[in-house]
Structures are given as structure tokens and as C-alpha cells.
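The values are calculated or read from the model by the stated rules, or taken from the named source; none is laboratory data. Quick caveat: nothing in here was measured; it's all calculated off a predicted structure. No Cβ is skipped: glycine too gets one built from the backbone with ideal geometry, and neighbour counts run over all protein chains shown.
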Amino acid sequence: MIGLAVLSGLFVVFCADPVFASPSVTIVIDPGHGGPSEDDDDTNSGCKYHGLEEKNVNLTTALAMYDELTQYGNVNVYITRDVDAEVTLDRRVEFAKEVGADVLISIHYNASAEHNYFGSEIFTSAYGQCYATGHALAEEIMKEWVDEGNTRKDIKTRIGKHGDYYGLIRNGTNTGIPTIILEHGYLDNDRDYQRIKNEDAWREFGIMDATAVARFYGLEKGIVKEEIGPKDEIPVPADPVMSDETAPEGVKLEINEYDSSKGDLEFTLFAYDDESKLMYYGFETGSVDEDTVFPKLELWDGKNGKLRGSFHVPPDYKGKLTAKVYNVYELDSLSNTVDLIPQYEEEEYDEAAGGGDDGDEVHESGTTSVKEKKKTVKEGKTKDSQISKTSKKSKTSGTSKKAKDTGEYEEADEEEDGGWMIGGELPAVETSAIANAIDKNTTSMITDSYTGLLIIALVAAVTLTIAVIIATSLLSERRREQERRKRYRKNRKGRKKDTFDWADYYDKD
């Protein structure tokens, strides 16, 4: 009997097939918020817009994620609530710890105080392995979202007084469980709301979340694999990964074209941020300051700190225009202010100036306005003739009055110092006019006296001497100029074009 028992025991020991547990990953899904709200406290409800309560939207997405993920092998899936019930932050993390969670994923939707933000973002711990695992998983989820047409608002950390800012993430980090918060989109912004306003969209997000988690851990539907594991893990940081605390810098607005009749303008907007990505930009008319709300924002998709685009203002708008640029941490900076002038006022200016229609005026605070640039060009076109006229007067009777009146006094003086460069015939000198200019009221007295005759003769002699000097100087200068031009043309014939052209360097994109 003993021998039979021993044999039987040996049979059990040696003939039984060994049983090995398959590798698995444990995921805890946490629908954010939940439970009744008291008075004005919407903590349990979350954000409420368009008749929706975030807690209910969160639950729909979380349940869809749960249903999808349970179809994969090698995974244990839990959920912190499957009804509208209140669950404290501490209890959520305690539950995750009790079931041995590898990761805790909290489901949320977003809203902002100014209702102007849009996009999908994910928050993760800033510390150690919780950051490394959380950020790598978040990247996989974000990729799934973006591939389905959602706007990336990046993966971020947020630091508070006691470590991670968000209590759920902080508690998860303290227990060694990587914890991430998924903000799928903004319920209060129409740009997101139109995409996520019904249950089909909420469930679709849950399926996307589950698909990304399965891909990250190498899971397959209906198949139990002998080997799984997270992919593309990033290095564990030695120090906390801090959030960005600086606003965009170098924000500058330039207006390229302005069709005031339609209110359409083309612009270039410059901005950069060394610590995080640029996210939005917007425009406001009138006077603005740091507290001004920019209600309609656009997605920043500029490269190398420069964005070009178009904007619409009311037709024939006259006034100020300012831009504001935001990074993904919602820190913002104002641009310079630009003054827009309607086209009809520009045409009035051109008619008064004797010019044609050069387009609408745009003045940029702190820079040269388009009007000023056009004025400079117009002045430049007539500069030679103006200087010729004023210089001739200056040589005979001092500073030109026209130069003073037009603000060209300094230019005329500079031309005198550099020598005369006058084209055309030599100026004629009228000695009688110069004599009369001394004092027209004394003509009769000069004629009737010898003293007057002597003065006339003296003035005539001086005038003639000046004319001779001027003519000699002009002829000499003309000869020198002709010689210079001959030498220039001779040297230019055999010279290769090797000068630097700024047009080749300028960014034409």
C-alpha cells in the first residue's frame, strides 16, 4: 500500500503539466467627478455647458473604454465608479493600490474661464518613474487622438506647493502608481463642442483611449500572449520635470496688406517660446491691456516663430489692432499695437500729396508707418530737384526758406557740404532782382542819389563775382563727375557680379 501511494505521488508530481501564469497588466479607469452637487459647488458635477454635466460625459467615455479594453488578453481592467456616485480622491487611489494597478487613468473633459481655449491635453506626474511611464503612455493616447482629427494641446506637468498640483496625480505618485488625467476636449468652446457634443463622440473617445493603452502594452484582442510590456518608455528623469512659467516672447505684429473696403488684411505675427510650444493667437480692436479677453482664438501653426495669415475687421475700420499669443500652458503676451487707416483717407492723402493710390495706411506703434515710408519714397523721388533749387538759393542768400518749411533743412545743408550735383543748364543770375531784394522800398532813393548809384554798382559787382565763382565751380564739378563716370563704366565692364544681395537671403515664405 505504501509503495502504491508513493508511486501515485510520483505520478502526480512528474506527470502533471506545469502551469505558469500569463503576464498581465492592470488598468484602473477613473471617471472624473460624480455624485450630487451642493449649493454652488460644482466639484462633483465638473464643468456644465450646453445642458451637459461633465460627470456624465466622463462616465460614458470611461464605460466605453472599459468595454473595449476587456476584449484584449493579458489585461485586468477595473473602474472606480460605474454609476453617478461620489468617490473621494483618496479612495480612488486606495482602490487602485488594492487591485495592484500598473496605471491609473482619469477621464475628464475641459472648460476655461474665458471659454476661448480648445484642444486635447494630458497631465502627468513630474516625478521619476511615474513621469516616465505616464508621459510615454500619454504620448500613445495623444497620437490616437490627433490621428482622429483632434487638436493637440500637449502633455504637461503642473507643480503645486506639495509636489504635483492635481491631488489625484499627487496621491498616485505617493503610492508609486503612474497616474494621468485625460482632458479630451472643451465642452464650452464651439470649436471642440461641435466634435464632442453627443454620446457617439464620447464613446468613440473611450475606444480610442483603450486602443492606445492596448498598443502601448502590446496587447491583442482575444489573444493571451506569453510576453507583453510597455513600449517606447522614456528615461526616468533625475529631477522633477517642471512646467513652463514664462509667457511667449518677442511678440510682434506686422500688417502686409489692408483692403479697408472689405475689411480684409494680411499679417505676419512673430513670437517664440523656449520652454513650451506656442498654442493660440488672437486679435482685438480698440484699446487693450493684459486683462483684455480675446474671445476668439486661432491655432498657432507658424514655424520658426513666424506665422502668416489673414484677418477680418469691419469694412472701413479705422483704429487700433493688437494681437495676443498663448503657449500650451495658457500663458500669453500682447503684441505691439497697429493703427489701421481706411483706404478713402489714404486716397485723400495721395491727392493732397500729388501722388497716386498706394494702398491703405498701416501704422505700427514703435515702427515706421506705411504712410511714413511712402512719404519718404515720394520725397526721395523729388529730392534732387528740391536740393537743386534750395541749394542755389543757399549759395546766394543763405538758408533756403523752402527747406525749413518742408522739414528738409538738414538735407539741404548736407548737400551743400558734399558739393553741388546739379543737372541741366547753369542757373541764370539776375543782378537787378538781387539788387531789388535788398530793399524794394528804397528804389527811388537809390536812383535819385549818387550814394544809391554806388550801392547799385557795388551790388552788381558782387553779384557778378559770385556768378562767375558759381559757374566756374559748377563747370569744374561737372568735368570731375564726367571723369568719374567714365572710370566707373570702364571698370564695370570686366567686373563679375559677386556682391551680396539681401533679396537672396530674405525669407520669402
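Per-structure values
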{"quantity": "Any hit, segment 138-154, residues being part of a helix (DSSP H, G or I), farther than 19 Å from Y72 by Cα, more than 33 Å from the chain's Cα centre (by Cα) and of a type in the set (V, I, T)", "calculated": "no"}
{"quantity": "Residue match in segment 26-45 (condition: among the aliphatic types (A, V, I, L, M) and surrounded by fewer than 23 Cβ atoms within 10 Å (Cβ to Cβ))", "calculated": "no"}
{"quantity": "Flag for D232 being on the phi > 0 side of the Ramachandran plot, acidic (D, E) and not assigned by TED's automatic domain parsing to the domain that holds P315", "calculated": "yes"}
{"quantity": "Matching residues, segment 168-207, being among the hydroxyl-bearing types (S, T, Y) and within 31 Å of the chain's Cα centre (by Cα)", "calculated": "Y186, Y193"}
{"quantity": "Residues satisfying the stated conditions in segment 28-47, i.e. without any contact (Cβ under 8 Å) to a residue 12 or more places away in the chain and more than 13 Å from A85 (Cα to Cα)", "calculated": "E38, D39, D40, D41, D42"}
{"quantity": "Residue within segment 281-292 that is surrounded by fewer than 17 Cβ atoms within 10 Å (Cβ to Cβ), more than 11 Å from the chain's Cα centre (by Cα), of a type in the set (G, A, S) and not in a strand (DSSP E or B) present", "calculated": "yes"}
{"quantity": "Hits in segment 192-249 - residues which are of a type in the set (D, E, K, R), under 29 Å from I159 (Cα atoms) and free of Cβ contacts under 8 Å to residues at least 12 places away in the same chain", "calculated": "D239"}
{"quantity": "G128 at pLDDT below 95, in the same structural domain as I29 (by TED's automatic domain parsing) and touching a helix residue (DSSP H, G or I) at 6+ places or on another chain (Cβ under 9 Å)", "calculated": "no"}
{"quantity": "Test: residue in segment 97-104 that is part of a strand (DSSP E or B), in contact (Cβ under 8 Å) with a residue 12 or more places away in the chain and in the same structural domain as A136 (by TED's automatic domain parsing)", "calculated": "yes"}
{"quantity": "Residue that is within 19 Å of T26 (Cβ to Cβ) and crowded, with 20+ Cβ neighbours inside 10 Å, where the choices are S120, S125", "calculated": "S125"}
{"quantity": "Residue within segment 178-186 that is crowded, with 23+ Cβ neighbours inside 10 Å, in a helix (DSSP H, G or I), in contact (Cβ under 8 Å) with a residue 40 or more places away in the chain and small (G, A, S) present", "calculated": "no"}
{"quantity": "Criterion: out of contact with any Gly (no Cβ under 6 Å at 6 or more places or on another chain), surrounded by 13 or more Cβ atoms within 10 Å (Cβ to Cβ), polar (S, T, N, Q) and over 24 Å from A113 (Cβ atoms) - qualifying residue of S260, S335", "calculated": "S260"}
{"quantity": "Residue among T175, T151 that alone is buried (at least 17 other Cβ atoms within 10 Å of the Cβ), among the hydroxyl-bearing types (S, T, Y) and either over 21 Å from V103 (Cβ atoms) or in the same structural domain as V99 (by TED's automatic domain parsing) (or both)", "calculated": "T151"}
{"quantity": "Residue within segment 193-211 that is assigned to a loop (DSSP other than H, G, I, E, B), in contact with a strand residue (DSSP E or B) (Cβ under 8 Å, 6 or more places away or on another chain) and aliphatic (A, V, I, L, M) present", "calculated": "yes"}
{"quantity": "Candidate set: segment 154-172, residues that are among the basic types (K, R) and surrounded by 15 or more Cβ atoms within 10 Å (Cβ to Cβ); chosen: the one nearest to W300 (Cα to Cα)", "calculated": "K156"}
